[in-house]
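The values are calculated or read from the model by the stated rules, or taken from the named source; none is laboratory data. Keep in mind it's a predicted model, so treat the numbers as computed, not measured. Note that each Cβ is placed from the backbone with ideal geometry, even for glycine, and that neighbours are counted across all protein chains shown. SASA here: full protein model, heavy atoms, side chains in, ligands and nucleic acids out. Shrake-Rupley method; radii C 1.70, N 1.55, O 1.52, S 1.80 Å.
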Amino acid sequence: MSEMRKTPLLDDLEKGPWPSFVTEMKKAAAKSEMSNDLLGALEQCYKDKKTHWKHGGIVGVRGYGGGVIGRYSDIPEQFPGVAHFHTVRVNQPSAWFYKTDSLREICGIWDKYGSGLTNFHGSTGDMILLGTKTENLETIFAELSSRGWDLGGSGSALRTPSCCVGPARCEWSNIDTLDITYSLTEEFQDEMHRPAFPYKYKFKVSGCAVDCVAAIARADCAIIGTWKGDIKIDQAEVQRYAKNGMDINAEIVNMCPTKCITYNGKELKIENEDCSRCMHCITKMTKALRPGGERGATILIGSHAPFVKGAQLSQVIVPFMKMEPPYTEIKELTRKIWEWWDEYGKNRERIGELIERKGMRDFLEYIGVDPHPAMIKEPRRDPFYFWTTDELK
Amino acid sequence: MSTPQRKTDIGPPHYKQFLPPVIQKNYGQWKYHEELSAGVMVHVSESGDEIYTVRVASPRLISTDFIREISDIADKYCDGYLRFTSRHNVEFLLSDKSKLEPLQKELKDKGFAIGGIGNRVSNLVHTQGWVHCHSAATDASGLVKVLMDEFYDYFTSKELPSRVRLAVACCTNMCGAVHCSDIALVGVHRKPPIPDHERIPNQCEIPSTIGSCPTGAISPDPAKKSLKINDEKCMYCGNCYSVCPALPIADPDNDGVAIVVGGKVGSLRNGPKFSKLVYPWLPNNPPRWPEVVNAVKGILEVYAKNARKHERVGEWVERIGWEKFFKLTGIPFTFQHIDDFTFARETWRTSAAFKW
């Protein structure tokens, strides 16, 4: 081992109460030349106020077109340990539950063949093994996959699906987010590992409209749990909330967006027909209120961050879909969506941008979904619309 | 030692093997939960079974030593089960209530930050930054660290009107839900890329680079077999640089951090919202970015003082109006705040009613 890199700027980030990533880097640097040079290279970035990483080249494991992000330093002479420093994306288990023996096994592999640095987790949800050399990739993949782990998605492919904690530890989940995520991931292994799409495609599954995995903002396909029946009320628990200091009129009744709740000091009433299932009252009075009746999911399509022409939120495509194994309906719908995207999408055009360019009608007709008022905030404002010859005399 | 036999397309391990027995038994049967403190909650099942969760912060960028340390703790108190949250926290899961106090004591003794539950600042969703990204206009891990050093008490104890979700993206690619967060930082460039005419012919595909520009600022330069940038049209988004490495855009003196506020993802009350620009640019001033920390602190404190219970940042601003937001926070209002991109028209005021 060579001497530890000097990092006066980064050292300052070991001070203060919040856990320090610099301390983590130093722990890894004590055991790995790669991490020691990463520390040095990052100090250089702090000094120069700019990044010292180059675009990824094409690296990967045999038979896969993704799962490894190539990364090269632009100052390799100074920091040879990170001359190439590729990321391995490992598909996380649903809802990020682990057993410690599995985690230790991964640590052992990563200490031996990589930098010893990780992200738990990356933005899309994968376990990120941060930094290794090209020649170690095949060995790492063999070590991981022989123990039951596989790579996640990257590039113009299906990205690793992820989900909230769901029925595993949450009373609000209307769908089995863990099982749906596992089932979709298994179904679409080829689409994940061999990029063949115009651009990335993400699934995120949230059990309710609280949306703890930000599906509506970040997933091309958001699967969000909902229900159709009446909210069940436990009046005794309502009274207990009142007794414990909750101002039910101010915090529940007046904050209901559809004004469907009334409270006379004794009894809480909900006009269920007027409820839009936003989750406000249920999350604030979780002991007193719960969803009732038929459970399922709303399917929303198209969100993405600002690239290229501005961010979009996902829009409702299927207002209600039953979600039971083997989840044939969502899988078939997804294949139709991909077919249309494959046919018309331009390079680096997300599905939401294509829908905007080609129009909702084109999209809905192709995937075979009828128009429904739940799809819109309001009808069009302009008088310009198409008719087909079938619709005319 | 020989390399084991590789397998392909097996997908992740089945989640069920990682679920603690109390979860396997009560899967889908949870009745309610209670927040017991800033970092502890209990979920109670229809069966009466309980599961306790103790949440601690992680810096996201963690060493294998850290993973082994939390694994040892999980072995000692949680039969070897733990999970991570969507915001990079670690959750220790246990059904034996008597272990709750000793677990928290050990975590505190080891310097872990316990918290992040309820109406507080939770851990930050963030990106790679200078640690590992070619397009980063700022560092992400460093910004998270300096912000959370400042807001540490809002994670471990102090309450706010509602939950506040902070996020950092190191460039406008925004890997992370920065565009829908209560308060978020995004790394921005302010100068057009400079074409490297020697490298462009070999490294870049001309049509897809031209196509990557949202404002049509890139055109071919046939004489040089290269590209031209119309500086007046360029909005410095950096999308072209993602497609063509020979269009470097980084500029240490002009890159910096923008602050956006008022976004959320949940449908509660009034639906998901985008974050909106409030600081167009603050300097990259590592290692502690004092200008950025002060700016975020200013916004958070004005929100904490003025918002009503359960109001997220965006809901509060919408109730009081953006003109009042700028007045209360003292943030200067500039041309950069008035949208002139794709969805601009939806953001202009088309009513004669507003506040002085």
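Residues B:SER47, B:SER2: which one is more than 9 Å from chain A (Cβ to nearest Cβ) and within 26 Å of A:TYR64 (Cβ to Cβ)? Answer to the check: B:SER2. Only one of the numbered conditions (1) of a type in the set (A, V, I, L, M); (2) more than 9 Å from every other protein chain (Cβ to nearest Cβ); (3) touching a residue at least 60 places away in the same chain (Cβ under 8 Å); (4) more than 23 Å from A:HIS55 (Cβ to Cβ) is violated by A:VAL88, and that is (4). Considering region B:155-250, the qualifying helices (runs of 4 or more DSSP H), each wholly inside and each with 1 or more residues that are at pLDDT below 95 and more than 27 Å from A:ASP126 (Cα to Cα), run over B:200-203, B:206-211.
Applying the condition of being open to solvent by 10 Å² or more (accessible area, probe 1.4 Å) and over 31 Å from the mean Cα position of the chain (by Cα) to region A:33-49 and asking which residue is farthest from the other protein chains (Cβ to nearest Cβ) yields A:GLU33.
Which is touching a Lys or Arg at 6+ places or on another chain (Cβ under 9 Å) and within 30 Å of B:GLU91 (Cβ to Cβ), of A:VAL22, A:VAL61, A:VAL88? Matching residue, one of A:VAL22, A:VAL61, A:VAL88: A:VAL22. For region A:151-161, the set of residues classified as within 11 Å of chain B (Cβ to nearest Cβ) and among the aliphatic types (A, V, I, L, M) consists of A:LEU151 only. Restricting region B:29-44 to residues that are at the interface with another protein chain (Cβ under 9 Å from one of its Cβ atoms) and assigned to a strand (DSSP E or B), the residue that is farthest from A:ASN174 (Cα to Cα) is B:GLU34.
For region B:251-274, the criterion of being more than 9 Å from chain A (Cβ to nearest Cβ), more than 24 Å from the chain's Cα centre (by Cα) and open to solvent by 30 Å² or more (accessible area, probe 1.4 Å) is satisfied by no residue at all. The set of residues from region A:128-150 being facing chain B (nearest Cβ under 9 Å) and either free of Cβ contacts under 8 Å to residues at least 12 places away in the same chain or closer than 20 Å to A:LEU178 by Cβ (or both) comprises A:ALA142, A:SER145, A:SER146, A:GLY148, A:TRP149, A:ASP150.
Summed over region A:326-356, residues that are open to solvent by 20 Å² or more (accessible area, probe 1.4 Å), within 14 Å of another protein chain (Cβ to nearest Cβ) and within 21 Å of the chain's Cα centre (by Cα) total 2. Just one of the listed residues (B:SER86, B:SER58, B:SER71) is outside any strand (DSSP E or B) and either open to solvent by 10 Å² or more (accessible area, probe 1.4 Å) or more than 8 Å from chain A (Cβ to nearest Cβ) (or both), namely B:SER86.
Out of all the residues in region A:50-74, which are part of a strand (DSSP E or B) and open to solvent by 50 Å² or more (accessible area, probe 1.4 Å)? Those that are part of a strand (DSSP E or B) and open to solvent by 50 Å² or more (accessible area, probe 1.4 Å): A:LYS54, A:TYR72. Quick check: anything in region B:89-105 at pLDDT below 95 and aliphatic (A, V, I, L, M)? No, that holds for no residue.
State whether one or more residues within region B:8-25 are without any contact (Cβ under 8 Å) to a residue 60 or more places away in the chain, more than 7 Å from chain A (Cβ to nearest Cβ) and open to solvent by less than 30 Å² (accessible area, probe 1.4 Å). No - not one qualifying residue is present in region B:8-25.
Sort out for me the strands (runs of 3 or more DSSP E) sitting completely within region A:259-315 that have 1 or more residues that are within 13 Å of another protein chain (Cβ to nearest Cβ).
Once the strands (runs of 3 or more DSSP E) in region A:259-315 are filtered for at least 1 residues that are within 13 Å of another protein chain (Cβ to nearest Cβ), what remains is A:261-263, A:295-301.
Total residues in region B:74-83 satisfying the condition of being within 7 Å of another protein chain (Cβ to nearest Cβ) and either touching a Gly at 6+ places or on another chain (Cβ under 7 Å) or assigned to a loop (DSSP other than H, G, I, E, B) (or both): the figure is 2. With a requirement of 1 or more residues that are at pLDDT 95 or above and more than 9 Å from chain B (Cβ to nearest Cβ), the helices (runs of 4 or more DSSP H) lying completely within region A:163-237 that satisfy it span A:177-187, A:189-193.
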